[in-house]
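Report on one structure; see the data block that follows.
Here, each number is a calculation from the coordinates, and none is a lab measurement. Only a predicted model underlies this, so the values are computations on that prediction, with no experimental measurement involved. Here the Cβ positions follow ideal geometry from the backbone for every residue, glycine too, while neighbour counts run over all protein chains shown.
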Amino acid sequence: MLNTHPSVSPQPASEPALKKTIMLVDDDPIFRQVTKQFLVVKGYDIVEAENGLDGLQKLNGAEPDLILCDLSMPILDGIEFVEEVSQQYPSMPVIVVSATDEMSDVAKALRFGIKDFLPKPIGNYQHLSDAVETVINESDSINSDGKDFSTQWYRVDGGGELPEEQELHWHLEYLQNNPAAARDLLHALLPEKDTVQGSWRCNYRLLQSTEAMPLVFDYAWLMNGQFIFYIVDSGNEDFESDHSASVATTILVRALFHDYLRHLKNFSADLKDMMSVIERGIECSQGTGSVPALFGLADLPSGTVDILPAGLGCRWASDEFTQTIHEGERLGGQSLKNFITRDLPINRAGKLTLSITGTTSFSFDIQQREG
């Protein structure tokens, strides 16, 4: 619940050509009233819901263009609500506005594809207005022009030119002022340690200080039997004085990684193609920078793995075979010049290992299950 509610006296804005509808899902009636007043003056229609269950029941008839929701609500909380929306209405954009201090909750919401997160209380409602306008405009652009979600991270106009100002759609001021929250968020983004698909099992082991900005690992299974993954070192020395840049870059990599996979044409990923998308996102987004990273693609039907370094080196071992992969250029620098080490053997099991002296030890195993 909010402790304070700022006065809102926005200037009337001209109504959009096609009036947009926003669903406001929050159990705090005062917050709903203040926010509704602000958004109505901005030219939006508002549908209110007092909790997640109420929101789901009203969604079908309301057909909003955007959902604003809290995370801490009775009956059906915000995480459960966002998960249901992502499954039933996968193209519905959601912005979370919440006073939660639990970065694990924010991380869960990010996994379900929220477009932005704003912390309560909202001290400046113009920030909310900017976020709403940006997400709705981009949603319209995606639907009408066939552009994918990655256009949210770097805007390109119709002529292919980049505008002067680029904005990473994550309110980094909060994370910059709260380095502990930023660190907790990245820790919470780590996926399950064990995953199984068919006859293959993959698992990772990560030992690192809970006080340091973490090494972040993520992965996805593809429909053709491939397993794709990446590693980002968010605690590298370039970001010692600016944790928000570390968080921004790591979240951007994660968003573009999953977006690239969602829009594969033939269900077969290409590491260089994916890296070029991520490189462009880093180049065109403010508040980001180069990071040590590594990408890998295991083709389990053929029993091989490809590894593309981007500032992180590693060692691959399978049976009596071992090979060292050198770090190469960093992601966000000249990483597209790096070579892919292809067709490393998995046989029935393979292991990738890397370490960062004094802070981190990481290992990743792929093995074929018995039977």
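Observations
- Rounded, prolate or oblate (a/c below 1.5 giving rounded, otherwise prolate when a/b exceeds b/c) for segment 21-147 by Cα gyration tensor: rounded
- Each Lys or Arg adds one and each Asp or Glu takes one away; over the other residues whose Cβ falls under 13 Å from the Cβ of residue 201, this sums to 0.
- A Förster radius of 41 Å, combined with the Cβ-Cβ distance separating residue 268 from residue 30, puts the computed FRET efficiency at roughly 0.20.
- Loop-located GluC sites (Glu not before Pro) in segment 280-334 whose Cβ has at most 14 other Cβ within 10 Å (DSSP): 320
- Computed E for residue 137/residue 88 - FRET, C-beta separation, R0 22 angstrom, nearest 0.05: 0.40
- Rounded if a/c under 1.5, otherwise prolate or oblate - segment 309-358, Cα gyration tensor axes: oblate
- Gain upon complete extension [residue 124, residue 368; 0.36 nm per residue less C-alpha separation]: 82.4 nm
- 3J(HN,Hα) couplings calculated from phi for segment 361-369 with the Karplus curve 6.51 cos²θ - 1.76 cosθ + 1.60 (θ = phi - 60°) are, in sequence order, 10, 9, 9, 9, 10, 10, 8, 8, 6 Hz; Gly and Pro show x.
- Residue among 72, 107, 134 farthest towards the positive dipole end of segment 21-147, charges placed on Cβ: 134
- A full extension of the chain between residue 319 and residue 339 corresponds to an added length of 4.8 nm, given 0.36 nm per residue minus the alpha carbon distance.
- Phi angles across segment 180-194 convert, under the Karplus curve 6.51 cos²θ - 1.76 cosθ + 1.60 with θ = phi - 60°, into 3J(HN,Hα) values of 5, 5, 4, 5, 5, 4, 5, 4, 6, 6, 5, x, 4, 6, 10 Hz, Gly and Pro given as x.
- Placing a pseudo-label 7 Å from each Cα along the Cα-to-Cβ vector at residue 75 and residue 210 gives an inter-label distance of 3.6 nm.
- Distant-in-sequence amide H partners of residue 46 (H built 1.01 Å from N, under 5 Å): 22
- Remark: for residue pairs 20/108; 108/265; 108/351; 58/265; 42/265, the C-alpha separation exceeds 31 Å in 58/265; 42/265.
- Each of 129, 209 has some number of other Cβ atoms within 10 Å of its Cβ, and from fewest to most they run 209, 129.
- Within segment 179-368: Cβ-based charge dipole about Cα centre, in debye rounded to nearest 20 (Lys, Arg +1; Asp, Glu -1): 420
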